[in-house]
Amino acid sequence: MTTYTDDELVRMLADIESDRVERKESFRGDAPTTVREATCAFANDLPDHRRAGVVFIGARNDGLPAGLAVTDELLRQLSDVKTDGNIVPPPSLTVAKRTLKGAEMAVIIVAMIAIGCARG
């Protein structure tokens, strides 16, 4: 599984959203659906980046912190993306609380999988 340093993650936050980076201010509203879609896309790695994709929860579209409190409950909800049956086969991902740009963010790192996945 690819890991990224805080410096690499900060550079990804400063860059535009892409087929390897997704940002969400929270995990409410339509965010659970779009996070699952991004997770599936990152796992499939159709552009063949051969690098893990990253979803930032607690980041605005411009990459600045949204001021979200990253709780254990939020981290559990994000971890459930892997096993809740909405993405098959389950992707390989890690979820962690990181302090980036002076604020807490939840960071999901999604590894590529050898066979494609789809949203259920």
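Details
- Whole-percent carbon and sulfur share, accessible surface of the chain, 1.4 Å: 49
- In this structure segment 1-108 gives 51 Å² per residue of accessible area when probed at 1.4 Å with all protein chains present.
- Inter-centroid distance (Cα atoms) of segment 16-63 relative to segment 74-115, Å: 10
- In straight-distance terms, cross-link reach from K101 covers every one of the aspartates and glutamates whose alpha-carbon lies under 14 Å from its own, apart from those fewer than eight places away in the same chain; here that gives D6, D7, E8, D15, D62.
- Across the chain, the volume of the C-alpha convex hull divided among the residues equals 92 Å³ per residue.
- For segment 5-120, averaging the sequence separation of C-alpha pairs within contact (under 8 Å, six or more residues apart) and dividing by the residue count gives a relative contact order of 31 percent.
- Whole-Hz couplings from phi, Karplus 6.51/-1.76/1.60, listed for segment 52-69; x for Gly and Pro: 5, x, 10, 10, 9, 10, x, 10, 6, 4, 7, x, 7, x, 9, x, 7, 7
- For the chain, the membrane-span-like helices by this rule, meaning whole DSSP H stretches whose C-alpha atoms cover at least 18 Å of axis and whose Kyte-Doolittle mean is -1.0 or above, are 31-44; this says nothing about an actual membrane.
The values are calculated or read from the model by the stated rules, or taken from the named source; none is laboratory data. It should be emphasised that the depicted structure is a prediction, and the values quoted were computed from it without experimental measurement. Quick note on the areas: whole protein, heavy atoms, side chains included, nothing else; ligands and nucleic acids left out. Shrake-Rupley method; radii C 1.70, N 1.55, O 1.52, S 1.80 Å.
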